[in-house]
Amino acid sequence: LESEGLIYKRARSGVFVNKPHPVSHLKEVYILGVGLSESEVYFNEILKLASTDFKRPGFTFLARAYSFGIPPSTVLDIERTRLEKMPEVDCVLVSAAPLHSQEVEKCLAFGKPVIFIGDFSSDEMEVMEFNQIMTGNACQGELCVEWMQKRNVNKITLFNGSSEHLFNRLYLNGAKEKAKHLGIELNHVEFEKGISSLPEAERSEIIKRV
């Protein structure tokens, strides 16, 4: 199949059907960030889609972001009403991390194509059908350990976010499995909001102790 051009392989990603891409008529894209922290890095990276350096000609991006202080359910009710008055919007991109199944259902009821960007914190949506762009968290954990092993490191301390979140668990599991396979000692230090959320002095002290 690969020699006939019907499929193609991508390292560490899988095997994909090679088919013509339909011409997209999407022009107006709405980017929605829900439950964001004050120092949100991930959503800021998503917003680069709308920057001059990355944006394709003819596309218009609208963006709206909400902090952790507003319940996602309330935000999505507000946004559904807003989008009903915006017929020019062709597609909605939603930052996925804080959403649960009920909120995902609300997004799918926007009346427009919805694509979730990033991983969910919870695994309760595995039985639901939707479009999502996500990373291979377990694979990333494996690659980090491999990178260390190639540099003759045999003992690793992994700083990771809260294990309540699915993507952190997957990342940790990938790193653990690869470390075990390679005979590397791996210690895990968990930070509920990530080590970058700590004051600089406390962060430096932790790094020195490690």
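The values are calculated or read from the model by the stated rules, or taken from the named source; none is laboratory data. Small disclaimer: the values here were computed from a predicted structure and weren't measured. Glycine also receives a Cβ, built like all others from the backbone with ideal geometry; neighbour counts cover every protein chain displayed. Accessible surface areas use protein heavy atoms only, side chains included; no ligands, DNA or RNA. Shrake-Rupley method; radii C 1.70, N 1.55, O 1.52, S 1.80 Å.
Side notes on the structure shown:
- The 1.4 Å probe gives accessible areas that order 171, 30, 42, largest first, as 42, 171, 30.
- Taking every protein chain into account, the accessible area of the stretch 70-112 amounts to 47 square angstrom per residue (probe 1.4 Å).
- Mean shadow area of the stretch 71-113, taken as a quarter of the surface of its Cα convex hull (nm²): 2.8
- Local electrostatic count at residue 81 - Lys and Arg +1, Asp and Glu -1, tallied over other residues with Cβ under 14 Å: +3
- Taking a ≥ b ≥ c as the square roots of the eigenvalues of the alpha-carbon gyration tensor, the stretch 103-188 is classed prolate because a/c is 1.5 or more and a/b outweighs b/c.
- Pairs of Cα atoms nearer than 8 Å and 6+ residues apart set the relative contact order; for the stretch 40-128 it is 25 percent.
- Most to least packed among 66-73, 125-132, 138-145 [average Cβ atoms within 10 Å]: 138-145, 66-73, 125-132
- Fully extended contour minus Cα-Cα distance, from residue 74 to residue 177, at 0.36 nm per residue: 33.1 nm
- Cross-linked pairs 155/180; 48/106; 48/85; 27/106: Cα-Cα separations exceed 18 Å for 48/106; 48/85; 27/106.
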